[in-house]
Amino acid sequence: MKALRPMLFFAAILLVIGLACSAVSGGNSPAQPEATAIQVEPTVSNPPTTAPEPTTVPPTEAATEAPTATEAVAQAQDFYTEEFEGDYNADDWESFTLGQGEDTNLVIEQEDDHLLFDLGDEDLYVYYMYTPYTYDNVSVKLNAENRGRNNNNVSLVCRMNDKGTQWYEFSVESGGVWYLYAVDGKYNIIDNGGTNALKQGKELNEYQMVCNDNEITLYINGTKIKSIKDNTYGFNEGMVGFNISSLNVLPITVEVKSFEIAQP
């Protein structure tokens, strides 16, 4: 795990939009030189013959230095639970969208004890990524409540690289069908299935994804869905986050209650 602040994050997303749409629609500063010390010979002057008059120096306020970029990143936590309450640091998160839908009416805002997602268009996939750190082995858990139509996808993401061109994604449709994708320019299905552990309708559900070496284990509401080994793509480190997606009906409104990042 290491600290990360991706600089070319959104530029690389353009590389995956075209292929991503067709695949999902079916189911889902150079180094600065070192300073050189300059030797200065001391100047010797004749000592004064009389003592100087005392001088009163007005008090000054101590200078306050702004925190450096490294200090700012250090304030972010690596393993913790974000509950998206009023004081949560939105600067630690970045969003982007995929799909054929427009994000003109997309709303992402903090309300009370949750983060509200109102997608505002069909076929729109909204990713919300935690950017200060990257992780290799990690467990991510999302608590989200559906407040709109029962026709959406909720996904968890691990090991998204800093260019946003590859990641693993555990995606769950509102009807209980799930997919595990390896995204590398298109959504490659590693495995999929169905589950009765998901509560349908306007309900609160808990989604969990554990990425541990080449094995990914999936849970819904504490029920283990499946453990899957990936011996093909081998994504080994990256950011974590989640996704809320609309399909072909509106409104799609989801309240995200919490997002946990933990050691597996």
Pop out the Kirkwood hydrodynamic radius of the stretch 70-147 from its pairwise C-alpha distances, inverse of mean 1/r, in Å to one decimal. 14.4 Å
Please give the solvent-accessible surface of ASP103 in Å², to the nearest 10, using a probe radius of 1.4 Å with every protein chain present. 80 Å²
Checking the a/c ratio against 1.5 first, then a/b against b/c, what shape does the Cα gyration tensor give for the stretch 91-193? rounded
Restricting attention to the alpha-carbon atoms of the stretch 140-213, what are Rg (one decimal) and Dmax (integer), both in Å? 12.9, 37
Counting all Cα-Cα pairs in the stretch 151-264, those more than 23 Å apart amount in percent to 26 percent
Neighbourhood charge, 15 Å Cβ-Cβ cut-off, centred on TYR127 and excluding it, Lys, Arg +1 and Asp, Glu -1: -4
What does the charge count around THR223 come to, taking other residues whose C-beta lies under 15 Å from its C-beta (Lys +1, Arg +1, Asp -1, Glu -1)? +2
Too long for a 27 Å Cα-Cα cut-off, among LYS163/LYS226; LYS163/LYS224; LYS141/LYS202; LYS202/LYS229; LYS186/LYS257, are LYS163/LYS226; LYS163/LYS224; LYS202/LYS229; LYS186/LYS257
How far is the Cα center of the stretch 186-264 from the Cα center of the stretch 112-183, in Å? 7 Å
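The values are calculated or read from the model by the stated rules, or taken from the named source; none is laboratory data. All of these numbers come straight from a predicted model, not from anything done at the bench. No Cβ is skipped: glycine too gets one built from the backbone with ideal geometry, and neighbour counts run over all protein chains shown. Heavy atoms of the whole protein, side chains included, go into the accessibility calculation; ligands, DNA and RNA do not. Shrake-Rupley method; radii C 1.70, N 1.55, O 1.52, S 1.80 Å.
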